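The values are calculated or read from the model by the stated rules, or taken from the named source; none is laboratory data. Keep in mind that what you see is a predicted model, and the values were worked out from it rather than measured. Heads up, the Cβs are rebuilt from the backbone with ideal geometry, glycines too, and the neighbour counts pull from every protein chain shown. Side chains included, ligands, DNA and RNA excluded: accessible areas come from the protein's heavy atoms. Shrake-Rupley method; radii C 1.70, N 1.55, O 1.52, S 1.80 Å.
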Amino acid sequence: MSNGFSSLIQADLASLTNAAQNLAAQHTQIAAANQFGPQAAQPAASFAQSMQNAIDGVNRQDAAAGQQMADVDAGNSDDLVGAMLASQEAGLSFSMLMQVRNKVMGGLDELIKLPL
């Protein structure tokens, strides 16, 4: 029984190590700090566009997590840990988005209550 757990843990560790190495290989070049000065300033995006981008990002994370879970359920993938992490990450992203929405709605309510 413990041998089975040991092999599962070793397989997960190997998978995480490979993922970390792939991530490190992808992000080897770091941008110089001086390129972010005033000359490289981007025009500010609107709040509506920022919220739409956030919603789209959360939706993409949820779809990817759902696909990973479906692959694990169907037996097409054995990356249960990755699927669970993706699911947790999507849930946290959704929770954060709902908190931002609630804060914005609370701020709008306060603005409406202000006497003119």
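General remarks:
Residue by residue, here is whether (1) more than 30 Å from Ser7 (Cβ to Cβ); (2) modelled with pLDDT under 90; (3) in contact with a Gly (Cβ under 6 Å, 6 or more places away or on another chain) holds:
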residue: Gln26; (1), (2), (3): no, yes, no
residue: Asn59; (1), (2), (3): yes, no, no
residue: Ala63; (1), (2), (3): yes, no, no
residue: Val72; (1), (2), (3): no, no, no
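- Filtered by the rule that a residue be aliphatic (A, V, I, L, M) and within 11 Å of Ser93 (Cα to Cα), region 43-69 gives Ala54, Ile55, Val58.
- Residue that is farthest from Asn18 (Cα to Cα) [pool: residues in region 79-90 that are over 9 Å from the mean Cα position of the chain (by Cα) and among the small types (Gly, Ala, Ser)]: Ser87
- The set of residues in region 79-89 being open to solvent by 80 Å² or more (accessible area, probe 1.4 Å) and in contact (Cβ under 8 Å) with a residue 24 or more places away in the chain consists of Glu89 alone.
- Counted residues, region 57-77 - those being under 18 Å from Ser15 (Cα atoms) and touching a residue at least 24 places away in the same chain (Cβ under 8 Å): 1
- Any hit, region 46-54, residues being open to solvent by 100 Å² or more (accessible area, probe 1.4 Å) and modelled with pLDDT under 90: yes
- Close pairs from region 90-116: first open to solvent by less than 90 Å² (accessible area, probe 1.4 Å), partner of a type in the set (Asp, Glu), Cβ under 6 Å, at least 6 apart: Ala90/Asp62
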